[in-house]
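Here the structure is laid out as structure tokens; the discussion comes afterwards.
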Amino acid sequence: MTDKPTNPGPRPAEADPETQYAWLAKALLWHNHLYYEAAEPEISDADYDRLMRDLEALEAEHPELQTPDSPTLRVGAGLRSDLAKVDHRVPMLSIENAMNEEEARVWFKRLADDAGDVELICEPKYDGLSCELVYEHGKLKVASTRGDGKTGEEVTPNVKTIKSVPTKLKGEFPDRLEVRGEVYIEKQAFAELNERLEQEGAKTYVNPRNTASGSLRQLDPRKSAARPLSAVWYQVANPEDAGLTSQSEAIEAMRGWGFVTSKDLLNDSPLQVKTLHGGDSVIELFNTYAEKRHSLPFEIDGMVVKVNDFAMQAELGVRSKSPRYLLAMKFPPEERETTCEKIEVQVGRTGAVTPVCVMTPVPVGGVTVTHASLHNADEIERLGIREGDRILVHRAGDVIPKVLRVVKSVGKQDFKFPTHCPRCESELIKLEDEVVIRCPNHLGCPAQVTGAIAHFASRTAMNIEGLAEKNIEQLLDAKLITDTASLYDLNDKRDQMVALERWGERKADKLIEEIDKSRTPTLAKFIYALGIRNVGETVAGLIANEVGSIEGLLAATAEQLNEVDGVGPIIAESVTKFLHDEHNHELIERLSKHVTPQEVKKLAAGEGKFAGMTFVFTGALTRFTRDEAEGLVRERGGKASSSVSKKTSYVIAGEKAGSKLKKANDLGVKVITEDDYAEML
Ligand code: IVH
């Protein structure tokens with residue numbers, strides 16, 4: 001099993017124990033690889049846990065089958081071969097899981113038998129990537145991932161980019177200190193990162209945990225720095241060196257040294273770190289956790305119960321790979337079975353044709369799910385899904401409904417991807433560099449026209465209330481509108497609107513009023529409202545700052561946009577392609593007769609706090625990404641340059657600054673720290 005992991009293929013249905021064992025071991029290795037090395041898991045945690053439990057059950061029944069390198073004996077990840085290795089002085093173990101109340105009760109019973117009534121301390125189980133920090137004489141020496149529990153990967157420069165990691169300890173500390181915790185990404189930051197990636201046309205991430213893992217295990221710390229990583233610290237691995245006798249003391253000590261702990265994170269939330277006695281009270285707290293978990297800004301996948309007293313922990317000891325004094329109570333998987341009633345094909349506002357599974361409505365994690373995107377033909381084939389099949393559904397990242405797999409294949413007919421648009425019957429096309437299939441009829445396809453108008457009117461764009469898709473379709477059908485610009489002629493068509501089915505005077509007047517209110521948007525919202533591919537809200541703001549007006553937008557060149565921080569060549573090309581389209585150009589001109597975006601105040605040459613100054617950033621920054629830091633210079637009228645000369649006003653030197661720092665010193669250019677720079681701002 002030390003071979004390179006490969007896809008195990010479908011699970012053999014009714015096989016002898018040896019065959020089953022071989023398949024399970026292979027499957028677990030494969031999914032470990034996808035999870036830890038590729039950072040692109042294919043199955044849910046719950047499915048992974050199921051496979052692991054099947055293997056454990058099989059090993060319990062047939063101990064002779066267990067190999068020394070069985071996945072049940074391994075802790076965690078494979079290692080990235082190109083990161084340096086770090087041995088953990090104290091192995092990083094895993095925690096025994098209880099998947100339901102019954103299993104938790106078995107654990108509490110065993111604990112009571114072994115240790116009597118002991119104090120238990122409960123904390124969130126963070127859904128991130130575990131990490132160890134080693135401090136010598138108060139200074140951060142090495143940071144590493146868990147790896148296989150014995151040996152991890154060195155990620156010191158990357159961890160230093162996380163704001164909440166102290167590089168120097170406060171107060172009194174032992175000569176050597178080993179602290180462990182979890183690196184993660186907050187839900188909001190994850191959503192924003194994905195939004196940015198989507199706008200840039202880059203691949204988005206599956207969930208915050210994989211993003212954290214992928215981001216921390218980068219060779220280039222600048223890439224880690226560009227990711228919104230957070231960290232929380234929950235364990236002192238060498239408590240005896242610090243004279244600590246319990247977990248509650250360890251938490252207070254860590255706080256004193258400058259670490260963020262569960263206590264700090266939960267401060268303002270309905271959940272708190274609690275010390276309790278007995279299974280009943282712990283289970284009660286766990287139920288509160290399950291209820292309130294979504295109110296936390298980060299993801300947790302359960303609650304960790306720890307015997308508080310370290311002497312008692314030592315007495316209880318460690319089993320094969322997990323300590324007896326710890327229990328992870330996991331939340332039940334929010335996955336439900338239902339039926340795929342239909343596979344529908346939808347046409348989006350950009351013409352992208354997407355297959356969608358319409359299912360028997362099913363509650364998942366507090367929300368009723370009725371539809372889930374099947375993305376493309378490849379995904380349909382991968383799932384092997386057909387109309388009528390029983391399917392398993394969850395909400396990816398707790399939000400987006402997703403079909404995980406077919407649990408019972410009932411349907412007879414394979415899904416056939418249409419060759420023509422279901423809305424306008426144009427022949428569908430597939431562009432060479434894209435996976436999506438598109439309807440090319442941008443101006444005539446009713447689905448695309450409706451989508452474009454709905455996007456234009458949406459809250460974050462022109463914010464015109466009362467233009468739900470149904471209403472837009474009615475207005476289009478009655479030929480009262482044809483495109484976004486024609487919305488502004490609706491005040492001449494009040495009577496026809498009033499006469500529409502289910503409309504009437506109030507609805508018509510309200511819409512006219514709403515449209516009227518939208519005539520002076522910010523330029524950023526106007527640009528966003530145009531629905532240019534790859535231009536989301538943030539990018540629209542950057543472009544607005546650059547072009548300043550509608551006229552400026554129409555005259556913008558790809559070279560000019562490419563120069564804007566945060567706008568790459570793909571976006572620049574997408575914008576100019578859109579503007580050069582005769583129809584779009586004409587549409588914007590027509591819109592500009594009705595809509596007057598607010599003026600954008602651009603700094604004139606010589607204006608701003610940093611006017612006439614040039615800044616060079618070098619080394620790894622920890623408080624800003626390089627782009628942010630340079631953007632802040634430009635916003636203040638200064639220049640950001642990549643090379644140091646006599647004309648450079650300031651060099652901002654981060655960690656591991658190299659030749660530029662030397663050159664600055666040689667030339668006598670003023671060198672400041674990142675903190676000094678932040679102060680200047
Ligand atoms: S204590 C023996 N406390 O869960 C490990 N671990 O599934 C003792 N985890 O490897 C660690 N939240 O990465 C501890 N509050 C918490 C935790 C926590 C998440 C992780 C940890 C561990 C994994 C086991």
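Considering only alpha-carbon pairs that sit under 8 angstrom and 6 or more positions apart, the relative contact order computed for segment 235-333 is 24 percent. Listed cross-link partners Lys408/Lys430; Lys168/Lys263; Lys402/Lys470; Lys470/Lys510; Lys85/Lys139; Lys493/Lys593 are compared with a 28 Å cut-off, the Cα-Cα value being larger for Lys408/Lys430. What is segment 608-674's relative contact order, in percent, from Cα pairs under 8 angstrom and six or more apart in sequence? Computed value for segment 608-674: 39 percent relative contact order.
With distances taken between every two different alpha-carbon atoms, segment 223-313 has a Kirkwood hydrodynamic radius of 14.8 Å.
Mind checking the angle between helix 446-457 and the chain's longest principal axis? C-alpha axes, 0 to 90 degrees, to the nearest 10. The angle comes out near 80 degrees. When Ser659, Ser592 are arranged by Cβ crowding within 10 Å, least crowded first, meaning fewest neighbours, the order is Ser659, Ser592.
A cysteine counts as unpartnered when no other cysteine's C-beta lies under 4.7 Å of its own; in the chain this applies to Cys122, Cys131, Cys340, Cys357. Its DSSP H runs of at least 4 residues, each contributing -39,500 (n - 2.57), put the calculated 222 nm mean residue ellipticity of the chain at -10000 deg cm²/dmol, to the nearest 500.
With respect to the cross-link table entries Lys4/Lys416; Lys163/Lys639; Lys150/Lys662; Lys141/Lys321; Lys187/Lys662, which display a Cα-Cα separation exceeding 32 Å? Long pairs (Cα-Cα over 32 Å): Lys4/Lys416; Lys150/Lys662; Lys187/Lys662. To the nearest 10 degrees, how steeply does helix 582-592 sit against the main Cα axis of the chain, on a 0 to 90 scale? With both axes taken from Cα atoms, the answer is about 80 degrees.
By other beta-carbon atoms within 10 Å, ranking Ser574, Ser549 with the fewest at the front produces Ser549, Ser574. Segment 94-180: D in µm²/s via Stokes-Einstein (Kirkwood Rh, Cα pairs, 10 °C, 1.306 mPa s)? For these conditions, the coefficient is 100 µm²/s. Note on the chain: Cα-Cα pairs beyond 43 Å make up 38% of the total pair count. A simple spin-label model places the labels of Arg390 and Asp87 5.2 nm from each other, with each point 7 Å out along Cα-to-Cβ. Ranked by how many other Cβ atoms sit within 10 Å of their own Cβ, fewest first, the residues Lys4, Lys292 fall in the order Lys4, Lys292. A quarter of the convex hull surface defined by the alpha-carbon atoms of segment 531-681 gives 10.1 nm² as the mean projection. Working from Cα pairs under 8 Å separated by at least six residues, relative contact order for the chain is 10 percent. Relative to the longest principal axis of the Cα atoms of the chain, the long axis of helix 505-517 lies at roughly 80 degrees. Annotation: amide H-H contacts under 5 Å for Leu404 (H modelled 1.01 Å from N, sequence separation of 5 or more, or interchain): Leu392, Val393, His394.
No value in this document is a laboratory result; all are computed from the given coordinates. Everything numeric in this text was worked out from a predicted model, so none of it was measured. FYI the Cβ positions are ideal-geometry reconstructions off the backbone, even for glycines, and counts take in every protein chain you see.
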